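The next block holds one structure in the form of structure tokens; read it before the comments.
The values are calculated or read from the model by the stated rules, or taken from the named source; none is laboratory data. Just so you know, these numbers come straight off a predicted model, no measurement behind them. Note that each Cβ is placed from the backbone with ideal geometry, even for glycine, and that neighbours are counted across all protein chains shown.
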Amino acid sequence: MALNSNSATIPASGTVRLPAGQFFFLTTASALVNITFSVGGQTEIFQQQIAGLKIKRLKRWDYIDIAGAAGTTLNYFIGYSSLQADDTDLQQALATIAGTVAVAILPSGTINDTADTVQAFGTETVIAANLFRRRITIGNRETSADTVRVSGAGGAGHGIVLQPGVFAEFDTTAALHVRNDNAAGNATWYAFEEV
């Protein structure tokens, strides 16, 4: 068994090439990397790895290319070992945090607020999905004649009911449907989106 502990830094080209071997264990990487093992013109690719990837192969590989951001530091073991079978293993450590933890919620950079929407009985409005959305507040105006329903699927009888003068906050990037199911009259609602 001949294993060597090594370290490397990904150069400006974005790829570092490692030599042939049968055993590879990435112990740490300072950022996510993509690892490609090349054997006789065939490749085996492991994407978005950060640490804990252990590869053992009966047939040695020709070389390993590790691609990532320039300056990413790697610590790994590479070499040859007496093996009985191919093996791929991922060893990740999970942390248990005890005590007090401070959590920071980043504030939004933009607010999209719309004019009030008058929703007639039996109709609905779709608020499009927004991958940059942090939160959206949907409220039913206090002067509204009816309740509205807010749901992800839309359709009559779905979602939560907002009485006049009530609002709800949704921490989602998904599309939302606002619907008036009440035959008594029009409902007037508003949306306040933080992105």
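Report yes if Thr137 is assigned by TED's automatic domain parsing to the domain that holds Ala20 and of a type in the set (Val, Ile, Thr), otherwise no.
Judged against the criteria, Thr137 is not a match.
Please verify whether the stretch 19-26 includes one or more residues that are exposed (fewer than 11 other Cβ atoms within 10 Å of the Cβ), of a type in the set (A, V, I, L, M), touching a residue at least 12 places away in the same chain (Cβ under 8 Å) and outside the structural domain of Ala187 (by TED's automatic domain parsing).
No.
Which members of the stretch 59-70 meet the condition of being under 23 Å from the mean Cα position of the chain (by Cα) and either closer than 26 Å to Gln84 by Cα or not in a loop (DSSP other than H, G, I, E, B) (or both)?
Ile66, Ala67, Gly68
Considering the stretch 131-190 alone, what residues qualify as being farther than 16 Å from Asp113 by Cα and among the basic types (Lys, Arg)?
Within the stretch 131-190, Arg149, Arg179 qualify.
What strands (runs of 3 or more DSSP E) lie completely within the stretch 140-192 and have 3 or more residues being touching a residue at least 12 places away in the same chain (Cβ under 8 Å)?
Here the list reads 148-151, 167-170, 176-179.
Hey, can you tell me all the residues within the stretch 152-179 that are touching a Leu at 6+ places or on another chain (Cβ under 9 Å) and more than 10 Å from Glu124 (Cα to Cα)?
Gly152, Gly159, Ala168, Phe170, Thr173, listed by residue number.
Identify the single condition in (1) among the hydroxyl-bearing types (Ser, Thr, Tyr); (2) assigned to a strand (DSSP E or B); (3) at pLDDT 90 or above that Thr88 does not satisfy, given that it satisfies every other one.
(3)
Within the stretch 67-93, track down each residue that is more than 21 Å from Gly21 (Cα to Cα), loosely packed, with under 13 Cβ neighbours inside 10 Å and not hydrophobic (A, V, I, L, M, F, W, C).
Matches in the stretch 67-93: Gly71, Gln92.
Scan the stretch 44-58 residue by residue and report those that are outside any strand (DSSP E or B) and out of contact with any Phe, Trp or Tyr (no Cβ under 9 Å at 6 or more places or on another chain).
Residues satisfying the conditions are Ile50, Ala51.
When Asp113 is evaluated against the numbered criteria (1) of a type outside the set (S, T, N, Q); (2) surrounded by 14 or more Cβ atoms within 10 Å (Cβ to Cβ); (3) under 16 Å from Thr188 (Cα atoms), which criterion, by number, is the only one it fails?
For Asp113, the failing item is (2).
Rundown of residues vs (1) within 30 Å of Ser13 (Cβ to Cβ); (2) under 31 Å from the mean Cα position of the chain (by Cα), yes/no style:
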position	(1), (2)
Ser38	yes, yes
Leu83	no, no
Ile97	no, yes
Thr147	no, no
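With the requirement that a residue be under 20 Å from Gln84 (Cα atoms) and either assigned to a strand (DSSP E or B) or hydroxyl-bearing (Ser, Thr, Tyr) (or both), what does the stretch 1-43 give you?
Ala2, Leu3, Gly21, Gln22, Phe23, Phe24, Phe25, Phe37, Val39
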